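The values are calculated or read from the model by the stated rules, or taken from the named source; none is laboratory data. What you are looking at is a predicted structure, and each value in this text was computed from that prediction instead of being measured. In this analysis, Cβ positions are derived from the backbone assuming ideal geometry, glycine residues included, and neighbour counts consider all displayed protein chains. Note: areas computed on protein heavy atoms with side chains; ligands, DNA, RNA excluded. Shrake-Rupley method; radii C 1.70, N 1.55, O 1.52, S 1.80 Å.
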Amino acid sequence: QVQLVESGGGLVQAGGSLRLSCAASGSIFSINDMGWYRQAPGKQRELVATITSGGTINYGDSVKGRFTISRDNAKNTVYLQMNSLKPEDTAVYYCNAYLFAIGTLGTLSYWGQGTQVTVSS
């Protein structure tokens, strides 16, 4: 069984920083893309950032220049450094990974349980 466990969310003032972590564990053969998505109340889930196993990065337009995604392949962990936070960054942040779990037929998408990020003005 595969689990994605996020940590690092919380309450921060506008202009502040937070660092999210997401560790994948379980019977994992390989991990391809990892990333972060977010969902604010009443809105659709949106892309924050993704990173491939080779290090190619893609950011959502609203976070470019403020957020930085990275990963540690040896630890099956992806990070999101969030700087210059704004109230509109308030959302539940979800970790996502496309990975090949032992005992399955191929690469599947897995989601974490989400971590709340609240930015006060």
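Some notes on this structure:
- Looking only at the stretch 5-62, and only at residues there that are of a type in the set (D, E, K, R) and not in a strand (DSSP E or B), the one that is least open to solvent (accessible area, probe 1.4 Å): Arg45
- Looking only at the stretch 82-121, and only at residues there that are part of a strand (DSSP E or B) and open to solvent by 60 Å² or more (accessible area, probe 1.4 Å), the one that is modelled with the lowest pLDDT: Thr107
Here's the yes/no breakdown for (1) in contact with a His (Cβ under 9 Å, 6 or more places away or on another chain); (2) under 20 Å from Val119 (Cα atoms); (3) not basic (Lys, Arg):
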{"site": "Ser21", "(1), (2), (3)": "no, yes, yes"}
{"site": "Ile28", "(1), (2), (3)": "no, no, yes"}
{"site": "Arg38", "(1), (2), (3)": "no, yes, no"}
{"site": "Arg45", "(1), (2), (3)": "no, yes, no"}
{"site": "Ala49", "(1), (2), (3)": "no, yes, yes"}
{"site": "Ser53", "(1), (2), (3)": "no, no, yes"}
{"site": "Ile57", "(1), (2), (3)": "no, no, yes"}
{"site": "Asp61", "(1), (2), (3)": "no, yes, yes"}
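- Pair list, Cβ under 8 Å, 6 or more apart: the stretch 34-50 residue within 16 Å of Tyr110 (Cβ to Cβ), other residue basic (Lys, Arg) and modelled with pLDDT of 95 or more: Met34/Arg71; Tyr37/Arg45; Arg45/Arg38
- Within the stretch 14-27, residues that are closer than 22 Å to Lys86 by Cα and without any contact (Cβ under 8 Å) to a residue 60 or more places away in the chain reach partners that are assigned to a strand (DSSP E or B) and open to solvent by 30 Å² or more (accessible area, probe 1.4 Å) with beta carbons closer than 6 Å, at six or more positions or on different chains, in the pairs Ser21/Ser7; Ser21/Tyr79.
- Meets criteria (touching a strand residue (DSSP E or B) at 6+ places or on another chain (Cβ under 9 Å) and more than 21 Å from Gln113 (Cα to Cα)) for Val92: no
- Residue list for the stretch 63-81, restricted to those being open to solvent by 60 Å² or more (accessible area, probe 1.4 Å), farther than 19 Å from Phe29 by Cα and not in a strand (DSSP E or B): Lys64, Gly65
- Residue satisfying condition, being within 14 Å of Gln39 (Cα to Cα) and either β-branched (Val, Ile, Thr) or under 13 Å from the mean Cα position of the chain (by Cα) (or both), within set Thr90, Thr77, Thr104: Thr90
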